[in-house]
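S.K.: I have a structure I would like to understand better, so I am pasting it below and will then ask my questions one at a time.
The values are calculated or read from the model by the stated rules, or taken from the named source; none is laboratory data. Quick caveat: nothing in here was measured; it's all calculated off a predicted structure. Virtual Cβ from ideal backbone geometry, glycine too; neighbours counted across all protein chains shown. Remember, those area values only see protein heavy atoms, side chains included, never the ligands or the DNA or RNA. Shrake-Rupley method; radii C 1.70, N 1.55, O 1.52, S 1.80 Å.
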Amino acid sequence: MSTVTVEAEPEAIAIDPACTAVIVIDMQRDFLEPGGFGETLGNDVSLLQRAVGPIRALLEATRRRKMLIIHTREGHLPDLSDAPKAKIERGAPSIRIGAPGPMGRILIRGEAGHDIVEALKPLPGEPVIDKPGKGAFYATGLGSLLQQRGIENLIVCGVTTEVCVHTTVREANDRGYKCIVPGDCCASYFPEFHEMGLKMIKAQGGIFGWVSDSTRVLVALGRDR
Ligand code: C5J
């Protein structure tokens, strides 16, 4: 075992990269590009772009280290059988989930909007988890995949900080995983929710996990201790 120490708040954390997976949450066109689910809800989708560069750097470093990298996508089956009525009918979006939009049907698997953005495309062999909910463990094979691979720690990033990243971190924490969240690799349509979401993770001695950033994770992965 070769552990590295990642500087983080509330304190540094030692991890074995071989037992650590990166989970990139929902870096999809539906959330990041005009005409997708995020914009139908009235959001300024350009606010999420800031996470792309830092995630790319994180992926390059963790691919070099041959770490397990998992991508997730939020979306529903074309017949909407996995989409709760309460989710479809909620709010007053300009186009509802399942209805046609500029990038195909909104938040539907297989449509152009469901794709991961070009800059962060998964490489062959990197698992992609399709999830109907906000959390990556709910109704997916993520738990068994992590167990099979002997994973103990997760580096969780993506969008949005306070919704799918937070829900996944909470689910993972309850399942016994130590979660590191590099803050600059996450983004929200609401900068204040992003800030508060990160504070909530690291408060109370790290109630849900550890908060770091891409620079500190990369520094740690560049050296063994
Ligand atoms: C949302 C997500 N915000 N990926 N999904 O609905 O955070």
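S.K.: Return the residues of the stretch 60-69 that are open to solvent by less than 40 Å² (accessible area, probe 1.4 Å) and either assigned to a helix (DSSP H, G or I) or more than 19 Å from Pro127 (Cβ to Cβ) (or both); say none if nothing qualifies. Outline the logic, then answer.
M.R.: Residues of the stretch 60-69 that are open to solvent by less than 40 Å² (accessible area, probe 1.4 Å), as a first pass: 61-62, 67-69.
If the condition is that a residue be open to solvent by less than 40 Å² (accessible area, probe 1.4 Å) and either assigned to a helix (DSSP H, G or I) or more than 19 Å from Pro127 (Cβ to Cβ) (or both), then Ala61, Thr62 are the ones that fit.
S.K.: Also, I was wondering about something else. Can you name the residue in the stretch 111-169 that is basic (Lys, Arg) and part of a loop (DSSP other than H, G, I, E, B) and is also surrounded by the most Cβ atoms within 10 Å (Cβ to Cβ) among such residues? It would help to see each step written out before you state the result.
M.R.: Filtering the stretch 111-169 for residues basic (Lys, Arg) gives 121, 131, 134, 149.
Right, trim to part of a loop (DSSP other than H, G, I, E, B) and you get 121, 134, 149.
Details: Lys121: 12, Lys134: 19, Arg149: 13.
Here the answer is Lys134.
S.K.: Suppose we filter the stretch 99-137 for residues that are in contact with a Leu (Cβ under 6 Å, 6 or more places away or on another chain) and touching a residue at least 60 places away in the same chain (Cβ under 8 Å); how many remain?
M.R.: The number of residues fulfilling the criteria is 2.
S.K.: Something else: Identify the single condition in (1) free of Cβ contacts under 8 Å to residues at least 60 places away in the same chain; (2) buried (at least 23 other Cβ atoms within 10 Å of the Cβ); (3) within 15 Å of the ligand (Cβ to nearest atom); (4) not hydrophobic (A, V, I, L, M, F, W, C) that Ser188 does not satisfy, given that it satisfies every other one.
M.R.: In the conditions (1) free of Cβ contacts under 8 Å to residues at least 60 places away in the same chain; (2) buried (at least 23 other Cβ atoms within 10 Å of the Cβ); (3) within 15 Å of the ligand (Cβ to nearest atom); (4) not hydrophobic (A, V, I, L, M, F, W, C), Ser188 misses (1) alone.
S.K.: Another one. Taking Ser46 as meeting all but one of (1) touching a residue at least 24 places away in the same chain (Cβ under 8 Å); (2) among the small types (Gly, Ala, Ser); (3) more than 24 Å from Cys179 (Cα to Cα), write down the number of the exception.
M.R.: (1)
S.K.: For the stretch 34-59, give me the residue count where each residue is over 27 Å from Thr5 (Cβ atoms) and either aromatic (Phe, Trp, Tyr) or open to solvent by 40 Å² or more (accessible area, probe 1.4 Å) (or both).
M.R.: 8
S.K.: Among the residues of the stretch 70-94 satisfying the criterion of being over 23 Å from Ala112 (Cβ atoms) and surrounded by 12 or more Cβ atoms within 10 Å (Cβ to Cβ), which is modelled with the lowest pLDDT?
M.R.: Arg90
S.K.: Okay, moving on. Please work out if Asp174 is out of contact with any helix residue (DSSP H, G or I) (no Cβ under 8 Å at 6 or more places or on another chain) and at pLDDT 95 or above. It would help to see each step written out before you state the result.
M.R.: Details: out of contact with any helix residue (DSSP H, G or I) (no Cβ under 8 Å at 6 or more places or on another chain): yes; at pLDDT 95 or above: yes.
So Asp174 passes the test.
S.K.: Follow-up. Return the residues of the stretch 1-33 that are within 16 Å of the ligand (Cβ to nearest atom) and either part of a helix (DSSP H, G or I) or open to solvent by 40 Å² or more (accessible area, probe 1.4 Å) (or both); say none if nothing qualifies. Don't jump to the end; show me each part of the working.
M.R.: Here is the first cut: in the stretch 1-33, the ones within 16 Å of the ligand (Cβ to nearest atom) are 23-33.
Within the stretch 1-33, Arg29, Asp30, Phe31, Leu32, Glu33 meet the criteria.
S.K.: Does Val181 satisfy the criteria of being assigned to a strand (DSSP E or B) and more than 16 Å from the ligand (Cβ to nearest atom)?
M.R.: So Val181 fails the test.
S.K.: Can you give me the number of residues within the stretch 138-178 that are under 12 Å from the mean Cα position of the chain (by Cα) and either within 14 Å of the ligand (Cβ to nearest atom) or at positive phi (or both)?
M.R.: Number of matching residues: 14.
S.K.: Next up: Every residue in the stretch 92-108 that is assigned to a loop (DSSP other than H, G, I, E, B) and either aliphatic (A, V, I, L, M) or in contact with a strand residue (DSSP E or B) (Cβ under 7 Å, 6 or more places away or on another chain) (or both), please.
M.R.: First pass over the stretch 92-108, keeping only residues assigned to a loop (DSSP other than H, G, I, E, B): 92-99, 103, 106-107.
Hits for the stretch 92-108 are Ala92, Ile95, Ile97, Gly98, Ala99, Met103, Ile106, Leu107.
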